[in-house]
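Please read the structure below before turning to the comments.
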Amino acid sequence: VEGPIPTHLSRGDLKTRFFSRLQHFFRIQGGRLKNPQIHPAKFEMQPSGKMQAKAPGVYIKTENRRGHNVTLLRGLELLGLNHEEFASEMREMFAASSSISLLSESDGRKQYEIMFQGYWEKTLASFLQEKYQLPA
């Protein structure tokens, strides 16, 4: 706390101080989630110099591996989704093969990467936005 602690605050000042000290969280719901998931926000520096809260995100990227185009998907465990069920559902939807690999394990949390054969970046993104209401 900078300076002396005030004994009286206006309602507006009290509200500003109170909300500035709260931690940011994001609520994720929908799809196969039975209960909403609450996750603490991560912060990133904006070009203006301000810190902005960032929701936990799903990583989707298309790469070329061993001469084949593949789409990589990470971060489903943050949403409470089962990676095996999701991969199975997408295999049927895309009629394409997929594989699941363990990327890392920290703090008891496992992070998986699902690899789909082909270009599915836009289709996966629109599916996650429609079914699970994830931000773009």
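Summary of values
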{"read-out": "Search result, residues across region 98-108 that are more than 15 Å from T62 (Cα to Cα) and in contact with a helix residue (DSSP H, G or I) (Cβ under 7 Å, 6 or more places away or on another chain)", "value": "I100"}
{"read-out": "Residue ranges of strands (runs of 3 or more DSSP E) in region 55-110 with at least 2 members farther than 17 Å from K122 by Cα and either at pLDDT 85 or above or open to solvent by less than 70 Å² (accessible area, probe 1.4 Å) (or both)", "value": "98-106"}
{"read-out": "Considering residues of region 114-136 that are free of Cβ contacts under 8 Å to residues at least 40 places away in the same chain and not basic (K, R) only, the residue most open to solvent (accessible area, probe 1.4 Å)", "value": "E130"}
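The values are calculated or read from the model by the stated rules, or taken from the named source; none is laboratory data. Remember, it's a predicted structure, so these values are computed and weren't measured experimentally. Methodologically, a virtual Cβ is constructed for each residue, glycine included, from the backbone with ideal geometry; neighbour enumeration extends over all protein chains shown. We work out accessible area using only protein heavy atoms, side chains counted, and drop any ligands, DNA or RNA first. Shrake-Rupley method; radii C 1.70, N 1.55, O 1.52, S 1.80 Å.
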